[in-house]
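Down below is the structure, laid out as structure tokens.
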Amino acid sequence: MAADIESEVETIVSVEKLHKSFGKAVAIDEISFQIKRGEVVGLLGANGAGKSTTIQILLGLIAQTSGKVSIFGMDPWKKRVAVLQRCNFSSAYVALPYNLKVIENLDVFAQLYGVSNRKKKIEELLQLFEVDHLAQKMTGGLSSGESTRVNLCKALLNDPEFLLLDEPTASLDPDIADKVRKLLAQVQAERHMTVLYTSHNMRDVQELCQRVLFLHQGKIIAEGSSEAILSHFGQETLEEVFIAIARNQVTTSLLSGEHN
Amino acid sequence: MILVRPDRVMGLCNRYFYIYTRSGFRLLDVIFWPVMDLVVWGLIAKYFMRLNSDNPTAVSFLLGAIIFFNILNRAQQSISVSFLEDLWSRNLLNAFVAPITVAEFVASTFVVGLTQIFAVSLIMSVLAFCLYTFNILAISFALIPLFLNLLFMGWSVGMFTTALIFRFGHQAEALAWAVPFLIQPVSAVFYPVSVLPDWLQPVAYMVPATYVFEGMRAVLSGNVEIASYLLKAAGLNIFYFIAISIFFGAMLNSARERGALAKLVL
Ligand SMILES: Nc1ncnc2c1ncn2[C@@H]1O[C@H](COP(=O)(O)OP(=O)(O)O)[C@@H](O)[C@H]1O
Ligand SMILES: [Mg+2]
């Protein structure tokens, strides 16, 4: 994308000098980034790097210590309902109530998001993720692969403009993870959806994300396309970059002037 | 901005509708315990009457107390237990990232709680009449304001316990069931305040339910003038509701600062 065009694309997410400490422990250390409409950005980092904290601040679930966050130009806590109406979220670590059928759960959330023509929407999504045969099953009885896909149906109910996914494929076997990635890529492309995707899985990020933010101990230590990051660290795969950083084998000084 | 949108409240209520229409055990849980209470206490009261038959109102006092206390208990559980259910089913984050306000969440638990309470109170009242010829309608028009005061107090207590769960997490779960029973001894449920030791009486007079139960006994003894009881209960209720709403907001903020909303889930 040429630089002059890029500046005209709407900024969906803007994070400035975001800082979060839990007591004395620093989880997020003054990070700044922006996400434009239609971009798929990966937040990559080891366990404890600060990925979930970042996502949860964006969703208004955690209050930052300092710094500014805006989504669609609004404060995600002060304008909580207006922002959340246009977003959605899923993670391997959340579940839908186990004591409802899949279709009932999706219907309840469709109501909460004010979806019109709920039945049709739910059917479409169940078919898209190839879980329509589970509609009448109890949610608590699903396998992790099934429930991940049902959760993604929930996450797409309101046609979110901005989708936040916190390690959505964490509990999946490689085959299903691959399937889910391809579906997500397809949906994203069709709807020109903006996505922030966290993962410690290189495959995920390399395949899906146009831009990667490499998070290490609460700091963004590298930012750019997968290729740019590989060449910066002089490694062959993101996996190697990841291991090198995790073991502190490379200097983790900030990458050039790519930040805005 | 409109704080409570009916369609979203309906969505939240639907969830309980699905659960209760399917799960016989859940329905049993709602109905079984209150009915057991009623039967057992009714029998105890009958027995006491046989021992000492010069006070026939004792039975009605006790049965009225059982039915009324159940209202309080249910109202508080409808809030705190709904919240716990989201917590247990790891749905809390889904709920918190849905575009619903806290007021809508609370409103839905009001609606569900009210429906439950209405049904159970009806069943209990009919049973009390059939088994013990206790007619709750003898309380006549005072029934409604007494009922509303209990409901209101139950909701406040429910918000209070939920706020404590925000603050203390899983270790505070037991409070969802315990709090009404912690308040019970100083709420004049089964006995008048005058029975309490002197130093406890001022505590009892700070509890809205105290005036409800005293009022109920006054009506059952043939005293129709209970406006002062009702006013005191309502005044205290409004005070506590405001105080607890503020406390609830503060605990929610504290949970956001400590990152506890997500941690409660994991
Ligand atoms: N609620 C919390 N209280 C205290 N520390 C927390 C809390 N949440 C996260 N942390 C800490 O903040 C850091 C970042 O955590 P997190 O964002 O969950 O990392 P990631 O998702 O990248 O694995 C970790 O050191 C973690 O222990
Ligand atoms: Mg995480």
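Taking 0.36 nm per residue of sequence separation and removing the Cα-Cα distance, the B:L122/B:D29 pair yields an extension gain of 31.9 nm.
Pull up the cross-link candidates among the aspartates and glutamates for A:K154, meaning alpha carbon to alpha carbon under 15 Å and not fewer than 8 places away within one chain. Within the straight-line cut-off, A:K154 pairs with A:E104, A:D107, A:E123, A:E124, A:E130, A:D132, A:E146, A:D166. Counting Lys and Arg as +1 and Asp and Glu as -1 over every other residue whose Cβ lies under 12 Å from the Cβ of A:R191, the net charge comes to -2. When DSSP beta bridges are restricted to pairs lying wholly in chain A, around 50% turn out antiparallel. For the residue pairs A:K79/A:K121; A:K36/A:K179; A:K17/A:K79; A:K137/A:K182, the alpha carbons lie no more than 28 Å apart in every case.
For the segment A:55-61, counting C-beta atoms of other chains within 10 Å of every residue's C-beta and taking the mean gives 4. Within region A:143-177, name every residue whose backbone N is under 15 Å away from a label modeled 7 Å from Cα of A:R203 along the Cβ vector. Once the point is set 7 Å along Cα→Cβ of A:R203, A:145, A:168-177 turn out to lie under 15 Å by backbone N, inside region A:143-177.
Between A:F22, A:F242, A:F109, the residue with the greatest mean-square fluctuation in the GNM of chain A (Cα pairs under 10 Å linked by springs) is A:F22. DSSP assigns beta bridges within the protein assembly as shown; of those with both partners inside it, close to 50 percent run antiparallel. Dipole magnitude for the protein assembly as shown: about 1280 debye, using +1 per Lys or Arg Cβ and -1 per Asp or Glu Cβ, origin at the Cα centre.
Farthest toward the positive end of the dipole of chain B, out of B:P197, B:S254, B:M36, is the Cα of B:S254, where the dipole comes from beta carbon charges about the Cα centre. Hey, for a label at A:S116 modelled as a point 7 Å past Cα toward Cβ, could you say which residues of region B:1-44 have their backbone N under 18 Å away? Answer for this model: B:6-8. Using only Cα coordinates, the Kirkwood hydrodynamic radius of region B:6-264 works out to 19.4 Å.
Summing +1 for each Lys or Arg and -1 for each Asp or Glu, what net charge is found among the other residues whose Cβ lies under 13 Å from the Cβ of A:K182? Once all neighbours under 13 Å are counted, the net charge is -2. With r as the distance between the Cβ atoms of B:D198 and A:M138 and R0 = 51 Å, compute the FRET efficiency 1/(1 + (r/R0)^6) and round to 0.05. The formula returns an efficiency of 0.35 here.
Take each peptide in B:249-262, B:84-97, B:168-181, count the other Cβ atoms within 10 Å of every residue, and average; sorted highest first, the result is B:84-97, B:249-262, B:168-181. Please say if region A:1-104 is rounded, prolate or oblate, where rounded means a/c under 1.5 for a ≥ b ≥ c the square roots of the C-alpha gyration tensor eigenvalues, and otherwise the choice is prolate for a/b larger than b/c and oblate otherwise? Verdict is oblate for region A:1-104. Amide H to amide H, with H built 1.01 Å from N, A:L100 comes under 5 Å of A:T139, A:G140, counting only residues 5 or more places away or on other chains. Once the C-beta distance of A:E240 and B:W88 is scaled by a Förster radius of 30 Å, the resulting FRET efficiency is 0.15 to the nearest 0.05. Peptide B:29-42 has a mean shielding of 0, counted as Cβ atoms of other protein chains within 10 Å of each residue's Cβ. Shielding by partners for peptide A:78-84, expressed as the average number of C-beta atoms from other protein chains within 10 Å of each residue's C-beta, is 4. Rounded, prolate or oblate: which fits chain A, taking a ≥ b ≥ c as square roots of the Cα gyration tensor eigenvalues, rounded meaning a/c under 1.5, else prolate when a/b beats b/c? The shape class here is prolate. For chain A, what is the mean residue ellipticity at 222 nm derived from helices alone (per DSSP H run of n ≥ 4: -39500 (n - 2.57); sum divided by total residues; nearest 500 deg cm²/dmol)? Helix-only estimate at 222 nm: -10500 deg cm²/dmol.
Only helical runs count toward this figure. For chain B, summing -39,500 (n - 2.57) over DSSP H runs of n ≥ 4 and dividing by all residues gives -25500 deg cm²/dmol at 222 nm.
Straight-line cross-link reach from A:K20 at under 13 Å between alpha-carbon atoms covers these aspartates and glutamates, not counting any fewer than eight positions away in the same chain: A:D29, A:E30, B:E257.
The distance between label points at B:S228 and B:W177 comes to 4.1 nm (points 7 Å beyond Cα on the Cα→Cβ vector). Across the protein assembly as shown, Cα-Cα distances exceeding 45 Å account for 27% of all pairs.
Peptides B:17-28, B:70-81, A:29-40 ranked from most to least packed by the mean count of surrounding Cβ atoms within 10 Å: B:70-81, A:29-40, B:17-28. As a rough guide to protection, the peptides A:185-192, B:229-236 ranked by mean Cβ packing within 10 Å, highest first, stand as B:229-236, A:185-192.
None of the figures in this text is laboratory data; all of them are computed from the coordinates on show. Just so we're clear, the structure is a prediction, and the values are computed from it rather than from any experiment. Note: ideal-geometry Cβ built from the backbone for every residue, glycine included; neighbour counts use all protein chains shown.
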